[in-house]
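J.: Right, I'll just put the structure down here and ask away after.
What follows is calculated from the coordinates using simple rules that are stated; it is not laboratory data. What you see is a predicted model; the values in this text were computed from it and never measured. Positions of Cβ are generated from backbone atoms using ideal geometry, with glycine treated the same way; all protein chains shown enter the neighbour counts.
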Amino acid sequence: MKIALASDHAGFELKSALADHFRSSGIPFEDFGCGPGESVDYVDYAAKACEAVQSGNCDRAVLICGTGIGMALAANKFRGIRATPCWNAYTVDMSRRHNDSNCLTLGGRVLTAAEALALADAWLNTPFDGGRHARRVDKVKRLEELHFKP
């Protein structure tokens, strides 16, 4: 599994910690920015990572901004992306088990590096439960097909 990793300036430090962690854990990833000292718009970096997931170059994405909310808003505008802002173990668990999230969004201003690393690891290792939850995810996909204009 290859991860698309991106942040805005508010998430840069946390993104760097995640990149170091992924590297040391042998988790393949591609860093889509931003770089140090840049003041950027989260939307642009969410787009780069989500396009990599859409194209199949990456399997999932981890996006970081100040709260994780802006990145989730932007990411969820992309067909096939199910971005979930998570802030604790429970939200991570439910995002994967019940929602089959393929994009985790985190807040660089609300989480410590240790918290974020633990959440990312849990998110990467939690399976989708399927069953009744698959029916619900399929309904979300159908909504997207009906209302998303290419």
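J.: Considering 68, 130, 107, which residue is in contact with a Pro (Cβ under 8 Å, 6 or more places away or on another chain), of a type in the set (Gly, Ala, Ser) and on the phi > 0 side of the Ramachandran plot? Step through it out loud before you land on a result.
T.: Details: 130 fails: in contact with a Pro (Cβ under 8 Å, 6 or more places away or on another chain); 107 fails: on the phi > 0 side of the Ramachandran plot.
On inspection, the qualifying residue turns out to be 68.
J.: Can you confirm whether the stretch 25-48 contains a residue that is closer than 27 Å to residue 147 by Cα, crowded, with 22+ Cβ neighbours inside 10 Å and among the hydrophobic types (A, V, I, L, M, F, W, C)?
T.: If we filter the stretch 25-48 for residues that are closer than 27 Å to residue 147 by Cα, which is where we start, we get 41-48.
Cutting the leftovers down to crowded, with 22+ Cβ neighbours inside 10 Å gives us 42, 45-46.
Going one step further and asking which of them are among the hydrophobic types (A, V, I, L, M, F, W, C), we end up with 46.
Yes, because at least one residue in the stretch 25-48 is closer than 27 Å to residue 147 by Cα, crowded, with 22+ Cβ neighbours inside 10 Å and among the hydrophobic types (A, V, I, L, M, F, W, C).
Conditions (1) within 18 Å of residue 1 (Cβ to Cβ); (2) under 10 Å from the mean Cα position of the chain (by Cα); (3) buried (at least 17 other Cβ atoms within 10 Å of the Cβ), marked per residue:
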site: 59; (1), (2), (3): yes, no, no
site: 83; (1), (2), (3): yes, yes, yes
site: 105; (1), (2), (3): yes, yes, yes
site: 119; (1), (2), (3): yes, no, yes
site: 126; (1), (2), (3): yes, no, no
site: 141; (1), (2), (3): no, no, no
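Residues checked against (1) touching a residue at least 60 places away in the same chain (Cβ under 8 Å); (2) assigned to a helix (DSSP H, G or I):
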site	(1), (2)
50	no, yes
64	no, no
73	no, yes
84	no, no
93	no, yes
109	yes, no
118	no, yes
